[in-house]
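This report concerns only the one structure given below.
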Amino acid sequence: MARYRSDVLVVMAKVPRLGAVKTRLAAAVGAAPALALYAAFLGDIAARFAVGGFELVWAVDPPGGDLTPCVGAAARCLDQRGADLGERMGNCFADLFAAGARRVVMIGADAPHLDAARIAAAFAALRDADVVLAPSRDGGYCLVGLSSPRDLFSIRMGTAEVLQRTLERAASLHLRVVRQAPTFDVDEIGDAVLLAKWIEESGTALLPRSAAVLRAWRRDGLLGV
């Protein structure tokens with residue numbers, strides 16, 4: 001079995017295929033532009049977290065899929081396993097802990113703007129807390145970290161009550177939870193507008209691939225602003 005470092009940042013990522021990623025966003029801008037933005041997210045995350053005080057791991061869906069064109073041949077990947085998102089997330093944490101990780105922070109590939117300071121704060125929180133969460137504006141969360149395997153994901157995912165149900169589940173298990181400042185992930189066109197504004201304020205150097213795609217969207221009138 002592969003072994004991992006003590007601190008693992010795992011990114012839940014789909015293989016970028018036309019019509020298979022960012023479907024809600026694709027409904028507004030088209031499948032090809034949505035695919036281009038998603039692939040840019042993967043490349044930006046890979047570059048941003050290539051070096052840090054943790055190991056970067058990609059959890060790939062579908063199993064056996066190839067992310068290397070976007071994230072590089074040296075990237076470390078594992079397959080997502082499970083019938084639904086909650087089961088896949090739980091299995092991912094279980095697999096990483098079983099292979100040597102002591103603290104695991106999970107993000108989605110649709111939140112490329114999460115920065116190193118937030119990730120570092122999440123790992124630091126897990127020295128004392130059981131769970132760390134970064135709420136997102138849609139009622140879910142875009143970061144979750146655990147200090148040991150927990151049955152936290154046996155809830156209905158993909159709804160506006162995910163964060164609340166997760167907090168209730170954590171309370172029922174008597175877990176210590178740290179909540180970070182809320183942010184957003186990119187699922188719909190309004191989220192893409194928020195990301196474009198974030199890049200304008202923070203600088204294109206932080207997310208160069210995503211910035212280039214969003215500039216093209218703006219030029220083509222896809223952002224609507």
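The values are calculated or read from the model by the stated rules, or taken from the named source; none is laboratory data. Keep in mind that this is a model prediction, so the values were computed, not measured. Heads up, the Cβs are rebuilt from the backbone with ideal geometry, glycines too, and the neighbour counts pull from every protein chain shown.
In region 187-210, which residue that is touching a Gly at 6+ places or on another chain (Cβ under 9 Å) and aliphatic (A, V, I, L, M) is surrounded by the fewest Cβ atoms within 10 Å (Cβ to Cβ)?
Of everything passing the filter in region 187-210, Val193 is surrounded by the fewest Cβ atoms within 10 Å (Cβ to Cβ).
If a residue has to be modelled with pLDDT under 95 and under 18 Å from Arg103 (Cα atoms) to count, how many in region 55-75 make the cut?
Here the count works out to 0.
State all residues of region 7-29 that are surrounded by fewer than 22 Cβ atoms within 10 Å (Cβ to Cβ) and without any contact (Cβ under 8 Å) to a residue 40 or more places away in the chain; if no residue qualifies, say none.
Arg17, Leu18, Gly19, Ala20, Thr23, Ala26, Ala27, listed by residue number.
In region 202-217, how many are farther than 13 Å from Phe41 by Cα and at pLDDT 95 or above?
3
Which of (1) crowded, with 22+ Cβ neighbours inside 10 Å; (2) more than 25 Å from Glu188 (Cβ to Cβ) does Cys70 not meet, given it meets every other one?
Here Cys70 meets the rest and fails (2).
Go through (1) surrounded by 19 or more Cβ atoms within 10 Å (Cβ to Cβ); (2) within 20 Å of the chain's Cα centre (by Cα); (3) farther than 25 Å from Glu87 by Cβ one by one and return the number of the condition Trp217 breaks.
So Trp217 meets the others, but not (2).
Can you name the residue in region 1-48 that is of a type outside the set (Gly, Ala, Ser), more than 14 Å from the chain's Cα centre (by Cα) and in a loop (DSSP other than H, G, I, E, B) and, of all such residues, is nearest to Thr204 (Cα to Cα)?
Pro16
Picking from Gly108, Gly86, Gly82, which residue would you name as being touching a Lys or Arg at 6+ places or on another chain (Cβ under 9 Å), of a type outside the set (S, T, N, Q) and crowded, with 17+ Cβ neighbours inside 10 Å? Spell out the reasoning first.
On the way: Gly108 fails: touching a Lys or Arg at 6+ places or on another chain (Cβ under 9 Å); Gly82 fails: crowded, with 17+ Cβ neighbours inside 10 Å.
Of the residues listed, the single one that is touching a Lys or Arg at 6+ places or on another chain (Cβ under 9 Å), of a type outside the set (S, T, N, Q) and crowded, with 17+ Cβ neighbours inside 10 Å is Gly86.
So which residues in region 209-225 are out of contact with any helix residue (DSSP H, G or I) (no Cβ under 9 Å at 6 or more places or on another chain) and among the charged types (D, E, K, R), if there are any at all?
Matches in region 209-225: Arg219 only.
Checking Val15 against (1) at pLDDT 95 or above; (2) more than 28 Å from Val193 (Cβ to Cβ), which test does it fail?
With (1) at pLDDT 95 or above; (2) more than 28 Å from Val193 (Cβ to Cβ) applied to Val15, the lone miss is (2).
If Phe93 satisfies all but one of (1) more than 22 Å from Gly158 (Cβ to Cβ); (2) touching a Leu at 6+ places or on another chain (Cβ under 7 Å); (3) of a type in the set (Phe, Trp, Tyr), what's the number of the condition it fails?
(1)
Given (1) part of a loop (DSSP other than H, G, I, E, B); (2) of a type in the set (Val, Ile, Thr); (3) in contact (Cβ under 8 Å) with a residue 24 or more places away in the chain, where does Val51 come up short, assuming only one miss?
Against the list (1) part of a loop (DSSP other than H, G, I, E, B); (2) of a type in the set (Val, Ile, Thr); (3) in contact (Cβ under 8 Å) with a residue 24 or more places away in the chain, Val51 comes up short only on (3).
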